[in-house]
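Contents: one structure, followed by commentary.
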Amino acid sequence: MGKEIATFAMADNPTLASIGVAAINALLHHDPSSWNEANAEDVLAAKGVGKNVVFIGRFHFIEHIRHIAKNLVILEQNPGADDLPAESAPIILPQAEVIAITGMTIVNHTLGELLELCSPNAFVMVLGPSTPLSTVLFKYGVDHLSGAIVTDINPVLKVIQQGGNFHQVRRNGVRLVNINKLE
């Protein structure tokens, strides 16, 4: 059943694709010994000092990185006032030294294209709760994964049933974990 649901990840419908990606994440074999407790913001801050940084998607810590980076560009499918449209990726990504990509690019089927545009010398992180913690992504140019693991299903289900968002879920049965590419 889980493998059948995982095929939804290829759906054009974003809701079905999200369910499929969630199923893939649930089915992945995890090696907790490869996890670390690094904070994605701290990793990006350390890597981004004085560099050209690109965020694909919006993250709550953008302003912190903006203050330490040489340049910071945000690419968005629905750009705000300070963002560039996603269509700018072919011009922007090859110049970036540090790239933070939302895991939702897996759901909207753009991750592969985006990774192809990244410089092989860039530090690339995929982050967010939809990020599969699979080292397979390292073969495609990703250097760091920052995602979430459900550690206690009952409180997570309760928060979801009550319409809670990820920030509420993460305080109730979810652990944030990271995996670094081994050199």
Let me have the 222 nm mean residue ellipticity of the chain computed from DSSP H runs of 4+ only, each contributing -39500 (n - 2.57), with the sum over all residues rounded to the nearest 500.
-8500 deg cm²/dmol
Proximal charge balance of residue 162 [Cβ under 15 Å; K/R count +1, D/E count -1]:
+3
Roughly speaking, what is the stretch gain from residue 152 to residue 33, that is 0.36 nm per residue apart minus the C-alpha to C-alpha distance, in nm to one decimal?
40.9 nm
In whole angstrom, note down how far apart the Cα centers of the range 51-98 and the range 104-183 are.
18 Å
Order these by the 10 Å Cβ neighbour count, fewest first: 131, 15.
15, 131
Using the Cβ atoms and a cut-off under 14 Å, what net charge is assigned to the surroundings of residue 174, where Lys and Arg are +1 and Asp and Glu are -1?
+2
Rounded to whole Hz, the Karplus (6.51, -1.76, 1.60) HN-Hα couplings of the range 66-73, x for glycine and proline:
4, 6, 10, 7, 5, 9, 10, 10
Which pairs, out of 3/47; 3/158; 3/51; 47/158; 70/158; 51/139, put more than 31 Å between their alpha-carbon atoms?
3/47; 3/51; 47/158; 70/158
Assuming 0.36 nm per residue, please report the length gained on full extension of the stretch residue 136 to residue 88 beyond their Cα-Cα distance.
14.6 nm
About its Cα centre, how strong a charge dipole does the chain have in debye, to the nearest 20, once Lys and Arg get +1 and Asp and Glu get -1 at the Cβ?
360 debye
The chain: mean projected area of Cα convex hull, nm²:
10.8 nm²
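Just so you know, all these numbers are worked out from the coordinates, no wet-lab data involved. From a predicted model like this one, the values you see are computed outputs, not experimental measurements. A quick note on method: Cβ atoms are made from the backbone with ideal geometry, for glycine too, and the neighbour counts reach across all protein chains shown.
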